[in-house]
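Following: one structure in structure tokens, then a few remarks.
The values are calculated or read from the model by the stated rules, or taken from the named source; none is laboratory data. Note that the coordinates shown come from a computational prediction; the quantities given were computed from them, not determined experimentally. Cβ: placed from backbone, ideal geometry, glycine included. Neighbour counts: every protein chain shown. In case anyone asks, the SASA skips ligands and DNA or RNA and just uses the protein heavy atoms, side chains included. Shrake-Rupley method; radii C 1.70, N 1.55, O 1.52, S 1.80 Å.
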Amino acid sequence: MDRLPGIIVLALFGAILRPPITEVGISGGPHWPEFDTRDTFRRAAIGLTAHTALNEHFGIQFGGGYKQGGIERCVARPRDEATLPAQRQAPTGATTPCVPADLLETHEAVTVHRLYDYVDFSMLGQARVAAGDRLDVRFVLGPTWGVPVKCRTKSVSDGVVQDCSTAFLSSDWRLVGGAGVGLQLSSGMDLSFEYRYGTDIREFGISSSLIAGLHYRTGS
């Protein structure tokens, strides 16, 4: 049921409006699932896009691809009693303290990455403003919907990876906005660069992405 609203929206738009596709492309780049940990936690996203022009300046960009997401958390883990003296002096890799004061002698703080992979769909409104003969400025805004397909947990301190795909994984709903530029390479080919923010609609966490795309105009 968690996926039903997205399926209905995509099906209705495709069946009723049947927009003519004027441009197709491929895009990808680094993705930071949590904005406040972007210095240490970077993943990636790649996908295909299709653009339909409403007029000279406005259009809708549809996207489908594979996105790596996740969260970074500090957890308190019991120390190995055989090596307690050494562990007390060793760096733990944790980005935030999470061990209560009364457990400092027996526990250590460990940073854990919970890694989610999604099949991601998007429907973004796009505006393009000419900034020269071959250059334009682009703005995008709209929803994305990620269907979870894989989950792992990874300890930063020791690299131990565990599978968590059997746990309940919720869909990733985001409102995405961004800006960038497009460069005309030829009469039928464009290169674009965009920086985007994505706000989780349910939990309000912020992600960011740097997207490079190569686009082919089907009407050229």
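Please compute the Kirkwood hydrodynamic radius of region 154-220 from all pairs of different C-alpha atoms, in Å with one decimal.
That comes to 15.5 Å for region 154-220.
Pairwise over distinct Cα atoms, reciprocal of the mean inverse distance: report the Kirkwood radius of region 129-189 in Å, one decimal place.
Mean inverse Cα-Cα distance, inverted, gives 15.8 Å.
Which value, in Å² rounded to 10, gives the accessible area of SER27 with a 1.4 Å probe and all protein chains present?
20
On a 1.4 Å probe surface of the protein chains, which of ASP158, ASP36, ASP117 comes out largest in accessible area, and what is the full order?
Descending accessible area places them as ASP36, ASP158, ASP117.
Please list, ordered by chain and number, the residues whose modelled amide H lies under 5 Å from the amide H of ARG79; skip anything fewer than 5 residues away on the same chain.
When sequence neighbours closer than 5 places are left aside, the close amide H contacts are HIS107, GLU108.
Spin-label point model (7 Å from Cα, Cβ direction): what's the LYS154 to ILE26 distance in nm?
My value for the distance between the label points is 2.4 nm.
Read phi for every residue in region 164-181 and hand back ³J(HN,Hα) as whole Hz from Karplus 6.51 cos²θ - 1.76 cosθ + 1.60, θ = phi - 60°, with x for Gly and Pro.
Working through the residues one at a time gives 10, 5, 6, 6, 5, 10, 8, 5, 9, 9, 9, 9, 10, x, x, 8, x, 9 Hz.
Quick one: how many Å² of VAL129 are accessible to a 1.4 Å probe, rounded to 10?
Looks like 80 Å² after rounding.
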